[in-house]
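Structure first, then comments.
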Amino acid sequence: MKLYDLGHVPWLDSQLIYHALPRANEEGLILLAPAEPYVCIGFHQDAEQEVDLDLCRVRHIPVFRREVGGGAVFLNGRQLFYQLVLSRDHPLAQGDKTALYRRLLEPVAETYRQLGVEANYRPVNDIVTQEGRKIAGTGAAEIANSLVLVGNVIFDFDYQTMVQVLRVPDEKYRNKVFKSMQENLTTLQRELGQTPDWDYVTGLLTRNYEAVLGPLTPGTLSQAVLDTVETLRQTHTTEEWLLDRKRPARAGRRVKVSTTAAVVRNVYKARGGLIRATLEISDDRLAAIELSGDFFFYPSDGVAKLEQRLTGLALAEVPQAVRAFYAEGLIDSPGIAPDDLIAALSSGAK
């Protein structure tokens, strides 16, 4: 199989090359990094709801929709991308996605371990440290007649810019996302106190992938791939491709930090008023909760008491806890029934 160790390339090429290889019916492992920063959204996302496009224009940060699912992310040259393209008939591309991730992400986890960071694969598609912090972003998709796996080795990460480019309901929510990212997403710089040599890391990663893929032969991109890149440059940079306004609008908001961590804003209209629930979810538990809206709760500290009661519970325990809270007579909420709160707390939270 061919190895394309391309170093730092123009930001758009860092996405278009792995989109082009399958369309040219070619396989290969691509290692590269973007020379300029940009924002990349998942294939199924709504750009206008997920990203502050006006801010990105002002700051000259490009935004790109990839053909791989997942969430919006800020990318720059401090992340080494690995992009593996396999024919659908390739033996390593067989089986369910969990098995595929497990065998194709092990070389990345081993690279981290060789660098001094004890990291392991965690289903469905995370690589995490012993403490459970995510240390690689990964995703997979089927493009043309190929399976594509993409991910990154995170040398360092700009948490501040990441939360700034996201479109969020308010600054309080933004601060919660920032806090959750710092707690649940880590980097080589944070784990080691320094960043290792770039070439040394690419060498480790290449050797570890060879243990799974077999010998990798250094190659240059074929003319067919280069021609396809130019075609995609025209189709995948249009406003129509980026915005895809056919997608339905959503009332809530969810920022996934890792497989087990997310910050969720749910909006639910009950007879007694609008309920906004901001949830920090970690390992299927409510790590933190904030309820607000134009409803009436009596006594005035009832909401705070309910928030305290629910914090730390498993998501599956929330409905019973809400009903028990009401049954104990601890709150009176005209027009807001227990099922309304349960719906506000569960909508989009799973």
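Every read-out reported here was derived from the displayed coordinates using simple, explicitly stated rules and does not represent laboratory data. Note that the coordinates shown come from a computational prediction; the quantities given were computed from them, not determined experimentally. Note that we place each Cβ from the backbone using ideal geometry, even for glycine, and neighbour counts take in every protein chain shown.
Can you compute the label reach from ARG233? Point 7 Å from Cα along the Cβ direction, backbone N cut-off under 16 Å, restricted to region 1-38. Of the residues in region 1-38, 9-21, 35-36 have backbone N under 16 Å from the label point off ARG233. Can you name the helices of the chain, as whole DSSP H runs, whose Cα span along the helix axis is 20 Å or more and whose Kyte-Doolittle mean is not below -1.0? Passing helices, by number: 97-115, 198-213. Ordering VAL150, VAL322, LEU6 by Cα displacement along the dipole of the chain toward the positive end leaves VAL322 in first place; charges were set at the Cβ atoms of Lys, Arg (+1) and Asp, Glu (-1). Peptides 218-229, 73-84 ranked from most to least packed, by the mean per-residue count of other Cβ atoms within 10 Å: 73-84, 218-229.
Given the chain, report the % of alpha carbon pairs whose separation exceeds 33 Å. Result: 34 percent of Cα pairs exceed 33 Å. Could you let me know the centre-to-centre spacing of region 157-232 and region 271-350, using Cα atoms, in angstrom? That distance is 37 Å.
For region 99-243, the Kirkwood estimate of hydrodynamic radius, built from reciprocal distances between every pair of different alpha carbons, is 17.8 Å. Taking every DSSP beta bridge with both residues inside the chain, roughly what % is antiparallel (nearest 5)? Bridges in the chain are about 80 percent antiparallel.
Of LEU243, VAL225, LEU345, which is farthest on the positive side of the dipole of the chain, counting Cα position, with +1 on Lys and Arg Cβ, -1 on Asp and Glu Cβ, and the Cα centre as origin? The residue sitting most towards the positive pole is LEU345.
P(r) tail for region 260-346: Cα pairs beyond 21 Å make up 20% of the total. Helical runs (DSSP H, four residues minimum) scored at -39500 (n - 2.57) apiece and divided by the length of the chain put the mean residue ellipticity at 222 nm at -10500 deg cm²/dmol. Pairs exceeding a 31 Å alpha-carbon distance, out of LYS269/LYS305; LYS97/LYS305; LYS97/LYS172; LYS176/LYS305; LYS134/LYS269: LYS97/LYS305; LYS97/LYS172; LYS134/LYS269.
Summing Lys and Arg as +1 and Asp and Glu as -1 over all other residues whose Cβ lies under 11 Å from the Cβ of ARG23 gives a net charge of -3. Placing R0 at 22 angstrom, the Cβ-Cβ distance between GLU36 and ASP158 gives a FRET efficiency of 0.95 after rounding to 0.05.
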